[in-house]
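Before any comments, here is the structure.
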Amino acid sequence: MNTSTMATTLPNTWHLRRVADTAAKACLICHKPSSSVLITPNNKDFFYVCPVHLKDRHFCSPIIDAEEEAAKRKAEAMEKEIEKVKKEYEEKQRRKKEKKKDESKDREKDKDDESKDDSKKTDADKKDEKERDENIDAIKKQSTSTSASIDDGPRIFSLHKNFYQMRIDRMRNIEAAKRNRQRLQDPSFFPSAPSGGL
């Protein structure tokens, strides 16, 4: 089988997957136990590799996924929005305190009339605060769920040509060994014994 047909069956696209620490196996490069696995999309080939090697530009290059980038930008926008809401909330709280100070001065003048209005305002203020807190909590939950689904590093890689050729050669050797085992099991593969006399 030539390299071009082998290359079509083994694309140079590798997805990073994680396995449990108990299932860790030797890294292809340094032979230390690793729980990170690079696997092809068609599941034809896989190998274990340390996360440190994924950052090595001589081993592989990350393939930037447009969906992941969009999700990261969305998460960053959410963080900015949370900060904006927090600032607005703090500003409103500061204004309320200033109003309450002004009102307290007026209350001293008209305690009886103001006490009735004040109880109504504080109830409305408490409801507004609860709504704001619920909105902030909802935004935080949404941002943490999106950030939890996003890994910090890239998830798709392409191997550099030497390492990719090593994987192709390995696949070729496995197929050749399989063909040889099948040939050895076939009785017609061996020559027959001579049937004549001397």
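If R0 is 45 Å, what FRET efficiency do you get for T22 and R132 from their C-beta distance, rounded to 0.05?
It comes to 0.45.
For a quick check: with amide H placed at 1.01 Å from N, whose amide H comes under 5 Å from C60's, ignoring anything fewer than 5 positions away on the same chain?
Long-range HN contacts for C60: H160.
What's the extension gain from R181 to E67 if we count 0.36 nm per residue and subtract their Cα-Cα distance?
Length difference between fully extended and current span is 36.5 nm.
Using label points projected 7 Å from each Cα along Cα→Cβ, tell me how many nm separate V85 and S188, to one decimal.
With each label point 7 Å from Cα toward Cβ, the separation is 7.5 nm.
Can you tell me the length gained on complete extension of the stretch F46 to K100, counting 0.36 nm per residue apart and subtracting the Cα distance?
12.8 nm
Laboratory data are not the source of any read-out in this text; all were calculated from the coordinates shown. Small disclaimer: the values here were computed from a predicted structure and weren't measured. All Cβ positions, glycine included, derive from the backbone under ideal geometry; neighbour counts span all protein chains shown.
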